[in-house]
Amino acid sequence: MHPITKFLLRKILFYTATFIIMLVITFVLPRAIPGNAVLMQLRQFMRTAATNPEAIEERYRALLSYFGLDKPLWEQFVDYLWRVAHGDLGVSITFFPKRVSDLIFSSLPWSLALLVPAYTASWFVGNVLGTYAAHRRNTAIDNALFSTFVVLSQVPYFIFGFFLLATFAVQMRIFPTYGGWDVGLVPSLTWDFIRSYLHHYALPFLSIFLTGIGVWGTGARTMAIYEFGSDYMEYADSMGVPESRLLRYAFKNILVPQITGFSMQLGFAVGGALLTEIVFSYPGVGWLLYRGTITQDYMLIQGSFIVVASSVLLANFITDILYAVIDPRIRKGYVSA
Amino acid sequence: MELPEPLLRVENLSKVFVVGLFTRRRIDAVKGVSFTIGRREIVSLVGESGSGKTTTAKIILRLEKPTSGRVLFEGRDVWRDLRSREDILWYRRSVQGVMQDPYGAFNPFYRVDRVFKQMFKLLPKDMDDEERWGLVEKALIEVGLNPRYVLGKYPHELSGGERQRVMIARALLVEPKLLIADEPVSMLDATLRSGILKLLMKLRDERGLSILFITHDMGLAYYVSDRILVMYRGELVEEGHPDELIESPRHPYTKRLISDIPLLYRKWSDI
Amino acid sequence: MRFPRIVSELLANKKFVTGISVFLAVLIIGAVGPLLYPVDPEDMSFPSSMPPCPEHPLGTDYVGRDVLAQLLRGILSSLYVGFLAGVVALAIGVLVGAVAAMRGGVVDEGLMAFTNAVLLMPTTLVLILIAALFKTRSIELVALLIGITSWPWLARVVRGEFLSLKERDFVYMSLLAGDRWLSISLFDLLPNMATYIAMSFAELVAGAILQEAGISFIGLGPTEGVTLGRIFFWIQTNNAVIRGLWWWWLPTTVVIVAIAASLVLVSISLDEVFNPRLRGG
Amino acid sequence: MPPLLKLDDVYAQYITRYGTVYAVNGVSLEIGEGEILGIVGESGCGKSTLARVMMMNVKPPLHLVRGRVLLQGVELNRLPRDRLKREVWGKQVSLVPQSVMNALNPTMRVRDIIRDFVKVHNPELDDDEVYSMARDRFEELGLDIRALDLYPFELSGGMRQRVAIAIATLLNPKLLIADEPTSALDVSTQKVVLKLLKRLWNEGIVKSIVFITHDIAVVRQIATRIAVMYAGKIVEVGPLEEVIFKPLHPYTELLISSILTPEPEVKKRGLVEIRGAPPDLRTPPRGCPFAERCPYATDRCRREEPRPVVIGSRLIYCHLRGGGAA
């Protein structure tokens, strides 16, 4: 078998197994916690919410039937897999009687529109700046960049969002404080809507983009220091290859391992990005999730997890393939990924 | 007449490594190697890097399991007959090793003393610590070091030659019958090599120690050995007395190897 | 390197000195502060949304709690969460990494596949998923949950280190002295990873403090006690930023970033001091 | 004819926070056109630092504290680094890397490494011209041109070293500096590499070679002249065979007698060892650096630094040979 085919098969096997583990976890968790906290919490919530008692019962039954707690365990599991396979993630309690899958899939595009460009751009810019800092090691430029990286990398996206919100929305009133677009507009491909959307988009984007630069910059700087100290760099230097070219060598050579970093950090970054949406009340999965957690909407929480985790797995799978294509050593079967 | 059983007998030894996770490749590191080492004998195993000589050494030292074949020490199969912890400690007392990198052989975290202390569990149980340290001092003096200078120091405070002597002293502590010396001088400067080589020869003469001397340098093998084994790509290709081997090598590899060694008194004609 | 040399090299590193000073300062403030400023952080009897004034050096929040009191209590709780989670993650990471490296073969492949799988999970969401199942959550429970979701990258590093260290000559020398793998792992390999472990621990603690803030922010952190994360939850639910209560959210933010950044700085400086290739001229 | 390269009383030191290493201490040396100078010394004697100084590839923590480096009369030590890179390195003075395994960028094909290097010095050439130039040179040197399309990790150790040498000499530099180019290779590959170097010299592609090694038997095969280095100083310089067969400095004598080649002449002599170890260059000794280990050392050797003495075509730094006479 060709090494690349083997590589692909292996990766597919791994991701399938991970996906199944993820489903098992989501199945086992609510059943493993003693006393079934979900139902208890829901009952409690229902009692405090002074609404129509019939509607409460209805919601409770929907939850009970989705989790099928009265059936034998294996039957519950088969049911569960069957439902997930058909995109049935249950019914939201908070937005009853909307289906969780509908809610998530109408929020997901907005989350992707925020996360994908912000995360990718911060990855790229962070690597460029980190390499540059390493090239200028121990100079004032390096010190300034490095300190910025360290602080930025340790500010979670959502906290950085506070800063941006307070400064540019509350104080300077340049950007709106709330939502994904102006009230009254309906998502459409009109100029008005796009302008309003970008206006609301700027701050959440910046909080992810800027803090991301810190994370990638710190890592890239360390890796690039190794590259600049390596034998091939010394040799190219002593052959007269100019500094600008050496900088490009270092940048190119850290990009390959940083692609792994890109996918390994993704799971973490997604969580942070979802929290950022909450700060800006940006209408993505994070904002949806936030409203779900306040009302203990476990089906919504679980559904969001399944969708987001699956997306992360898919993104990682794509990155792994990309990695194999880019690194000649893997492409040619010299080392295993 | 029946030949006496040699100290060490290696029979048809093979080792295959399987590397790579998704492109599995077989590497035949050692292929059907057989040889013996007699008592009071220095046998050199010569080969270039990747010829399988270090793997052979590790198998004999019981650090690496062979894929097939046997290693018999005093008639006991080292990989099959040594079962109990006692058996293994007996083997550790009988066969010791010295490694190539005199710096890497020390855990940089500890003082030099630790390498001796580690060996104490191989010494007789009824011995007290004072007697044990007495043996350490004796061993250090035997290899030409001043115990007071060496003990209590960190490895990086000693020179390469001193470190290598410490490693030899450590091995001597348990009075082994066989010493496996894997490239013991290749990382030392020329002016320090002779001292170590002389020491090894002295140990053979005075203690009756048998030594398997592993090297890539035919020149060194030529000086110290009673017998030379030449290894090439995992196989033993030639065996002989040093003078014979140098003057009239038979295997094409040995011939090329010897003709490619840079000499002092003869300049290559084809350069 | 000998101990006095280690200390003097660390003290000569600006990053280390900055990091450790900031960290110790915050730690001392957290430890001594509540004693010197004995105001109940959950007492809501003060006037609401008061800017800093002599009675309330950092003002009061939207529901009339003293912000400084919150912050002082929050520092120690958050450090406690970080420390606990760090210990849990360290224990799992080192164990998994070491066993994978030392056992090799199927055990290694299985453990690493599992580690990679856990690594791919969106951690914050996993925490939310689990935390949502508990009606009440103690600080320890939250720390434990954070700990069991943050070890995978450490396991990978430890495995890599073990794999490279176990091929070192001194390991063979210990084997030749009759040492067994368990004692070699403990006394030969682990001490040589002391820097990595210290670095990882600092980073794990920092990460856990931020992680706690993250899940508390969404309302799924500890349900008792005052942690920095819980303060962020109150800040969010009361729209403090939009309302302009800067004395509430700003000091909290500064403190959490100071803790996390100082720990990371310590970690980076350890790498610079002990890693010869990073040592500058 | 003036020498190609001249070192004039050169001192080079590594200056760090943790102390100073006195790596090169007062070396004067001339490399004439058309010679292969072997520089021999043990590890830590400063020979690799000397190689760096020869092309003025000196950057912190290494400093040229004193002395001049002249390439055909041009003081390299006065040129800024970017001018050295543009005009000297790779073009007039070139280097064979010490660690072949990692000296070529792992993510670039050989031809792209060559393209970048050539275009620094000849920006007017286009890619195809560079590739055809590389192909011609590879063919001229008997190297497989398929190597051009490969990545460094696809080449064997010996091939990688030969490719590196071909790259280093692509622009016909006057001086080639080879720092331990064969110490990581097995003997057969070593011979192939030495032959390649000799061929470059024979065919006039490079005018002169400085060959730095710890192995006297290797320089014996290739050098025309030899300089012996000890503790940051040159102790003896002279024509190859004279120095090897009639060493005048006690260190040279001992160094040569410690060589163990499989030859009856050498075996007859037996094993000779030098006691002690070379001095620590963080605290170099005052007088003759070898005095501590020298069997013939006197008080004067320990006190006073010997001056150079010319004996025939040789230069020796030793009191025993009259080096004290000012």
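The values are calculated or read from the model by the stated rules, or taken from the named source; none is laboratory data. Here the structure is a predicted model, which means the values were calculated and not measured. When we count neighbours, we look across all protein chains shown, and the Cβ atoms used for this are built from the backbone with ideal geometry, even at glycine. Each accessible area value is taken on the protein alone, full model and side chains, heavy atoms only, with ligands, DNA and RNA left out. Shrake-Rupley method; radii C 1.70, N 1.55, O 1.52, S 1.80 Å.
Numbers for the structure displayed
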| item | result |
| --- | --- |
| Test: D:G142 is at positive phi, modelled with pLDDT under 95 and open to solvent by 50 Å² or more (accessible area, probe 1.4 Å) | yes |
| Only one of B:D28, B:D81, B:D101 that is outside any loop (DSSP other than H, G, I, E, B) and modelled with pLDDT under 95 | B:D28 |
| Tally, over region A:85-104, of residues that are within 21 Å of the chain's Cα centre (by Cα) and touching a residue at least 24 places away in the same chain (Cβ under 8 Å) | 5 |
| Sole residue being more than 27 Å from B:L158 (Cβ to Cβ) and in contact (Cβ under 8 Å) with a residue 40 or more places away in the chain, chosen from D:C294, D:C318 | D:C318 |
| Residues of region D:86-137 satisfying the condition of being among the small types (G, A, S) and either part of a helix (DSSP H, G or I) or open to solvent by less than 30 Å² (accessible area, probe 1.4 Å) (or both) | D:G90, D:S94, D:A103, D:S132, D:A134 |
| Filtered residues of region D:232-261 (kept if open to solvent by 10 Å² or more (accessible area, probe 1.4 Å), in contact with a Cys (Cβ under 9 Å, 6 or more places away or on another chain) and more than 12 Å from chain B (Cβ to nearest Cβ)) | D:K233, D:L248 |
| Count - residues of region B:239-271 that are outside any helix (DSSP H, G or I) and either within 12 Å of another protein chain (Cβ to nearest Cβ) or closer than 11 Å to B:M218 by Cβ (or both) | 12 |
| Close pairs (7 angstrom Cβ cut-off, 6 or more residues apart or separate chains): more than 14 Å from chain D (Cβ to nearest Cβ) and part of a strand (DSSP E or B) in region B:43-67, of a type outside the set (F, W, Y) and open to solvent by 10 Å² or more (accessible area, probe 1.4 Å) anywhere | B:V43/B:S225; B:V43/B:D226; B:V43/B:R227; B:L45/B:K53 |
| Residues being touching a residue at least 24 places away in the same chain (Cβ under 8 Å), in a strand (DSSP E or B) and among the aliphatic types (A, V, I, L, M) - total across region B:205-238 | 8 |
| Single residue of region B:33-69 satisfying the filter (surrounded by fewer than 17 Cβ atoms within 10 Å (Cβ to Cβ) and in contact with an Asp or Glu (Cβ under 7 Å, 6 or more places away or on another chain)) that is nearest to B:P252 (Cα to Cα) | B:S49 |
| Residue within region D:2-9 that is surrounded by fewer than 15 Cβ atoms within 10 Å (Cβ to Cβ), away from chain B (no Cβ under 14 Å) and without any contact (Cβ under 8 Å) to a residue 60 or more places away in the chain present | yes |
| Condition check for D:T224: at pLDDT 90 or above, within 13 Å of another protein chain (Cβ to nearest Cβ) and open to solvent by less than 30 Å² (accessible area, probe 1.4 Å) | no |
| Count - residues of region A:295-332 that are within 30 Å of C:G221 (Cα to Cα), among the hydroxyl-bearing types (S, T, Y) and open to solvent by less than 30 Å² (accessible area, probe 1.4 Å) | 3 |
| Residue within region A:191-208 that is in contact with a helix residue (DSSP H, G or I) (Cβ under 8 Å, 6 or more places away or on another chain), open to solvent by 40 Å² or more (accessible area, probe 1.4 Å) and under 23 Å from C:V205 (Cα atoms) present | no |
| Tabulated pairs, region B:151-164, first part of a helix (DSSP H, G or I), second surrounded by fewer than 21 Cβ atoms within 10 Å (Cβ to Cβ) and of a type in the set (G, A, S), C-beta under 7 angstrom, 6+ apart or interchain | B:G161/D:A277 |
| Identity of the residue in region A:271-294, within 14 Å of chain C (Cβ to nearest Cβ) and assigned to a loop (DSSP other than H, G, I, E, B), that ends up surrounded by the most Cβ atoms within 10 Å (Cβ to Cβ) | A:F280 |
| Conditions (1) part of a helix (DSSP H, G or I); (2) among the β-branched types (V, I, T); (3) within 24 Å of D:A23 (Cα to Cα): number failed by D:I244 | (3) |
| Qualifying positions in region D:165-187 - open to solvent by 10 Å² or more (accessible area, probe 1.4 Å) and either at the interface with chain B (Cβ under 10 Å from one of its Cβ atoms) or among the hydroxyl-bearing types (S, T, Y) (or both) | D:S183, D:A184, D:L185, D:D186, D:V187 |
| Among the residues listed as A:Y132, A:Y80, A:Y66, the single one being open to solvent by 70 Å² or more (accessible area, probe 1.4 Å) and assigned to a helix (DSSP H, G or I) | A:Y132 |
| Region A:234-260, subset more than 10 Å from chain D (Cβ to nearest Cβ) and of a type in the set (S, T, N, Q), residue least open to solvent (accessible area, probe 1.4 Å) | A:Q258 |
| Only listed residue being more than 8 Å from chain A (Cβ to nearest Cβ) and within 26 Å of the chain's Cα centre (by Cα), chosen from D:V69, D:V120, D:V130 | D:V69 |
| Members of region D:272-297 that are within 11 Å of chain B (Cβ to nearest Cβ), in contact with a Gly (Cβ under 8 Å, 6 or more places away or on another chain) and not charged (D, E, K, R) | D:A277, D:P278 |
| Tally of residues being open to solvent by 40 Å² or more (accessible area, probe 1.4 Å) and part of a loop (DSSP other than H, G, I, E, B) across region D:35-52 | 2 |
| Among (1) in contact (Cβ under 8 Å) with a residue 40 or more places away in the chain; (2) open to solvent by less than 10 Å² (accessible area, probe 1.4 Å); (3) facing chain D (nearest Cβ under 9 Å) - the single one B:R170 does not satisfy | (3) |
| Region B:188-214: number of residues that are of a type in the set (S, T, N, Q) and more than 13 Å from the chain's Cα centre (by Cα) | 2 |
| So D:K85, is it touching a residue at least 60 places away in the same chain (Cβ under 8 Å) and of a type in the set (K, R) | no |
| Region C:236-263, subset β-branched (V, I, T) and in contact (Cβ under 8 Å) with a residue 24 or more places away in the chain, residue nearest to the other protein chains (Cβ to nearest Cβ) | C:I256 |
| Lone qualifier among A:D327, A:D320 - being touching a residue at least 24 places away in the same chain (Cβ under 8 Å), of a type in the set (D, E, K, R) and farther than 25 Å from A:V24 by Cα | A:D327 |
| Test: residue in region C:43-52 that is more than 14 Å from chain D (Cβ to nearest Cβ) and buried (at least 21 other Cβ atoms within 10 Å of the Cβ) | no |
